[in-house]
1. Cβ-Cβ distance below 9 Å, separation of 6 or more or different chains: which pairs start in the range 30-42 with a residue that is closer than 24 Å to Asp177 by Cβ and in contact (Cβ under 8 Å) with a residue 60 or more places away in the chain and end on one that is assigned to a loop (DSSP other than H, G, I, E, B) and of a type outside the set (D, E, K, R)?
2. Please identify the pairs in which a residue from the range 60-87 that is in contact (Cβ under 8 Å) with a residue 40 or more places away in the chain has its Cβ atom under 7 Å from the Cβ atom of a residue that is of a type in the set (Gly, Ala, Ser) and part of a loop (DSSP other than H, G, I, E, B), counting only partners at least 6 apart or on another chain.
3. Can you pull out every residue in the range 89-113 that is surrounded by 15 or more Cβ atoms within 10 Å (Cβ to Cβ) and in a loop (DSSP other than H, G, I, E, B)?
4. Go through the range 1-23 and give me each residue that's in a loop (DSSP other than H, G, I, E, B) and at pLDDT 90 or above.
5. Name the residue, out of Ala78, Ala85, that is out of contact with any His (no Cβ under 6 Å at 6 or more places or on another chain), surrounded by fewer than 13 Cβ atoms within 10 Å (Cβ to Cβ) and either part of a helix (DSSP H, G or I) or aliphatic (A, V, I, L, M) (or both).
6. Give the range 24-57 a look and list any residue that's farther than 19 Å from Ile107 by Cα, in a helix (DSSP H, G or I) and either out of contact with any strand residue (DSSP E or B) (no Cβ under 8 Å at 6 or more places or on another chain) or among the basic types (Lys, Arg) (or both), or say none.
7. So Ala122 clears everything in (1) at pLDDT 95 or above; (2) surrounded by 13 or more Cβ atoms within 10 Å (Cβ to Cβ) except one condition, right? Which one?
8. Could you tell me which numbered condition Ala85 fails, if it satisfies all but one of (1) touching an Asp or Glu at 6+ places or on another chain (Cβ under 7 Å); (2) hydrophobic (A, V, I, L, M, F, W, C); (3) at pLDDT 95 or above?
Amino acid sequence: MAVRDALLVLLLDGPAYGFQLHGGLAARTGGRRDINVGQTYATLDRLARQRLVERAGTTDDGLPLHRLTAAGREAAAAWLAGADAAGADAWHETLDRVMLAASLPSIDASPVIGGERERWGARRADAVRRANRAAAASGPGAPRASGPEALAALAATADIAQADAAIAWLDGASRADDAGLAFAPSTDRPRRGRRPSQPPSQPQSIDA
């Protein structure tokens with residue numbers, strides 16, 4: 001999961017301040033993600049420069065609020081629909097995508113879970129084809145596979161096992177979502193948080 005994608009999805013629930021989003025990253029991924037708070041703020045700054053996020057005023061005690069732009073909303077929807085972050089591991093993307101979607105009251109997680117199940121089914125089918133090719137190459141009358149060919153067959157069986165595990169987990173996530181996984185954003189006030197910088201106070205002149 002790119003922090004970028006997670007923050008965009010969290011903001012689908014409405015404007016939020018930086019430390020609130022930071023806490024949401026951990027709470028809504030089941031504690032799997034421990035992101036440095038500085039990375040959260042740096043990512044928000046980058047999203048603002050990319051015009052995916054914009055300012056939405058401040059809280060009563062001066063914490064800057066952030067909200068999605070139209071482009072940011074499109075980017076969040078694309079990630080939920082299966083557009084993995086560049087270089088990301090498919091399994092970790094699935095876990096984070098499903099848990100974020102299931103935990104947010106504003107999102108229907110069913111199509112997210114269904115889309116993930118379909119993609120893992122396609123990955124499994126591809127792995128089965130690779131395993132079958134390896135078996136045919138080392139079948140009766142053919143030399144037994146060794147070296148790179150044997151490793152390719154072993155990798156295919158590993159991919160089948162991973163896809164089976166992912167599909168089983170997604171089935172369990174669907175049942176859990178039916179029971180209710182969504183919860184509202186935390187109302188706890190942060191002990192710290194970035195506030196707008198204040199101009200230095202001007203020294204008062206003293207009359208002679």
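1. Arg32/Met1; Arg33/Met1
2. Close Cβ pairs (under 7 Å, with a partner that is of a type in the set (Gly, Ala, Ser) and part of a loop (DSSP other than H, G, I, E, B)) amount to Leu63/Gly193; Ala85/Ala2.
3. Leu104, Ile107
4. Selection gives Gly14, Pro15.
5. Numbers: Ala85 fails: surrounded by fewer than 13 Cβ atoms within 10 Å (Cβ to Cβ).
Among Ala78, Ala85, only Ala78 is out of contact with any His (no Cβ under 6 Å at 6 or more places or on another chain), surrounded by fewer than 13 Cβ atoms within 10 Å (Cβ to Cβ) and either part of a helix (DSSP H, G or I) or aliphatic (A, V, I, L, M) (or both).
6. Of everything in the range 24-57, those that are farther than 19 Å from Ile107 by Cα, in a helix (DSSP H, G or I) and either out of contact with any strand residue (DSSP E or B) (no Cβ under 8 Å at 6 or more places or on another chain) or among the basic types (Lys, Arg) (or both) turn out to be Val37, Gly38, Gln39, Thr40, Tyr41, Ala42, Thr43, Asp45, Arg46, Arg49.
7. For Ala122, the exception is condition (2).
8. Going through (1) touching an Asp or Glu at 6+ places or on another chain (Cβ under 7 Å); (2) hydrophobic (A, V, I, L, M, F, W, C); (3) at pLDDT 95 or above one by one, Ala85 breaks only (3).
The values are calculated or read from the model by the stated rules, or taken from the named source; none is laboratory data. None of these values were measured; they are calculated from a predicted model. Note that each Cβ is placed from the backbone with ideal geometry, even for glycine, and that neighbours are counted across all protein chains shown.
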